[in-house]
There are 2 protein chains.
Amino acid sequence: MLSQKTSDAAPSAHDRVYRALRSRIMHGQMSPGEALTLRGIGKEFGVSMTPARESVRRLVAEGALTLSASGRVSAPELSNERIEELAALRALLEVELASRALPRAHMALIDRLQTINMNVAEMVSKRDAVGYIRTNLEFHRTLYLRAQAPAMLAIAETVWLQLGPTMRALYGRLGRTEPPHNHKLIIAALKAGDEPGLRLAVRSDVTHGLRLLAG
Amino acid sequence: MLSQKTSDAAPSAHDRVYRALRSRIMHGQMSPGEALTLRGIGKEFGVSMTPARESVRRLVAEGALTLSASGRVSAPELSNERIEELAALRALLEVELASRALPRAHMALIDRLQTINMNVAEMVSKRDAVGYIRTNLEFHRTLYLRAQAPAMLAIAETVWLQLGPTMRALYGRLGRTEPPHNHKLIIAALKAGDEPGLRLAVRSDVTHGLRLLAG
DNA sequence: CGATTGCTGATGTGATCACAAAGGATCCAT
DNA sequence: ATGGATCCTTTGTGATCACATCAGCAATCG
């Protein structure tokens, strides 16, 4: 799911469009229900309808966009049931990924996570929703990359993608002064080599924000 | 992932092609490495390259097909690491799905599972690889549908899809006389309301065959 | 004043075409 | 016989076009 081609030497037009839209969706730069048109995308990226269509179809296949019965495409408006299910999926997958990353997590990685976490805190203090989502996902991805489980990570990213448009809405309702407390628990558990603690911390981090959105 | 459109009233050309190819891949009717061409697909289904391309792109996005650097498309040849990872994913997801289905599993469902299981046994005795794969997946899907977790089920089916072309290769090496013993354990655990037993049985069923393929 | 019907612009779909690149086969040289 | 270079066929990509359909809006009627 991450890289369509095994070699990304020649970025085709549809791939460029795909990546741009994907990033926009995953980072909460689209609101739920917001519509897109093929001709509009084509115009924005200077391509014809063909690559625009392929990008959109691919994103629809990944659940990042919704296709209405008439073929109109828009960012999904998730039901509470679906949000809860996606949150459960995040918990299931990311706990496993973190657990697999734990034995390989050396100091260099933990340092990097702490640096990223400072950026997360900065985004929170700046009330930068998009920046917060991006750095937060970067924190998780950096950890999970150590799990050496690309298929699992790809699926986890697909779940993030599906939650993207809903994320910003979450940020709005969220008690914003919250520094990333759970991230510190994750880092502490990594340092201590405490697997049960790590699993719990990841589960809490992933579940907490989404629970209040669904409820 | 399952239904591209919320309403499947008007089956568009690319959707028809997509479904046909998807079924072919998932049921092991394509060998790993087998190539496809857009014009060939178009000719086979009586459509132009456009719907053929969309179907293929969608299947590539789902990991059901592999796109070479030059855009050529073929059924994936999975590495052992990837097979093991996909097996782990199946275990993770399907144990959860079974666990969620358990409290909702009434007698009617168990009866249905037993009927399907007879078909599985029949396919095994007939040495029908495709039929075996199809009925086996039907067994699992029937159970998981009770979990009321469409997103999770969709992801599980994506994993099945990725394993599809490899499945038949598995069947060849598999001790074929094996009747679906683990399926009986699953049914027994469902009858007894035994959640730990169910989790173990599902994990064994999902993991066993794939382990020897990867090893 | 509100609901319904009819219309118009906008939108997705699929076909076709031109083009570039890749793969394979053939031919030649060693 | 074998290795390599060359040519040609096949293949994917992206653009454009014709067509059917849908959404939104306006005019009309109750």
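Below, the figures for the structure above:
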quantity: Residue in the stretch A:29-45 that is at positive phi, more than 9 Å from chain B (Cβ to nearest Cβ) and modelled with pLDDT under 95 present; calculated: yes
quantity: Qualifying residues in the stretch B:132-144 (those that are over 9 Å from the mean Cα position of the chain (by Cα) and farther than 11 Å from B:Glu94 by Cα) - the one surrounded by the fewest Cβ atoms within 10 Å (Cβ to Cβ); calculated: B:Thr142
quantity: Which numbered condition B:Lys126 misses (of (1) surrounded by fewer than 22 Cβ atoms within 10 Å (Cβ to Cβ); (2) touching a residue at least 12 places away in the same chain (Cβ under 8 Å); (3) more than 22 Å from B:Pro76 (Cα to Cα)); calculated: (2)
quantity: Test: A:Ile116 is touching a Phe, Trp or Tyr at 6+ places or on another chain (Cβ under 6 Å), among the β-branched types (Val, Ile, Thr) and either crowded, with 16+ Cβ neighbours inside 10 Å or at positive phi (or both); calculated: yes
quantity: Selection status of B:Leu92, within 16 Å of DNA strand D (Cβ to nearest atom) and either at pLDDT 95 or above or in the same structural domain as B:Ala151 (by TED's automatic domain parsing) (or both); calculated: no
quantity: Near pairs, Cβ below 6 angstrom, 6+ apart or cross-chain, from the stretch A:44-62 (near DNA strand D (Cβ under 6 Å from one of its atoms)) to any residue that is part of a helix (DSSP H, G or I) and not hydroxyl-bearing (Ser, Thr, Tyr); calculated: A:Val47/A:Ala13; A:Ser48/A:Gly42; A:Met49/A:Leu38; A:Met49/A:Gly42; A:Pro51/A:Ala13; A:Pro51/A:His14; A:Pro51/A:Val17
quantity: Residue list for the stretch A:28-62, filter: surrounded by fewer than 20 Cβ atoms within 10 Å (Cβ to Cβ) and within 17 Å of the chain's Cα centre (by Cα); calculated: A:Gln29, A:Ser31, A:Pro32, A:Val60
quantity: Segments classed as helices (runs of 4 or more DSSP H), wholly inside the stretch B:52-157, with at least 2 members that are more than 14 Å from chain A (Cβ to nearest Cβ); calculated: B:107-125, B:129-145
quantity: A:Ala64 being closer than 26 Å to B:Gly63 by Cα, at pLDDT 95 or above and more than 12 Å from DNA strand C (Cβ to nearest atom); calculated: yes
quantity: Residue count for the stretch A:191-215, restricted to those that are modelled with pLDDT under 90 and more than 17 Å from the chain's Cα centre (by Cα); calculated: 3
quantity: So B:Ala188, is it at pLDDT 95 or above, part of a helix (DSSP H, G or I) and within 14 Å of another protein chain (Cβ to nearest Cβ); calculated: no
quantity: Residue list for the stretch A:63-80, restricted to those being free of Cβ contacts under 8 Å to residues at least 24 places away in the same chain and away from DNA strand D (no atom under 16 Å from the Cβ); calculated: A:Ser79
quantity: Qualifying residues in the stretch B:145-166 (those that are modelled with pLDDT under 95 and over 9 Å from the mean Cα position of the chain (by Cα)) - the one nearest to A:Val60 (Cα to Cα); calculated: B:Pro165
quantity: Within the stretch A:19-51, considering residues that are part of a loop (DSSP other than H, G, I, E, B) and polar (S, T, N, Q), the one nearest to DNA strand C (Cβ to nearest atom); calculated: A:Thr37
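The values are calculated or read from the model by the stated rules, or taken from the named source; none is laboratory data. Small disclaimer: the values here were computed from a predicted structure and weren't measured. Cβ coordinates were reconstructed from backbone atoms using ideal geometry, including for glycine residues, and neighbour counts include every protein chain displayed.
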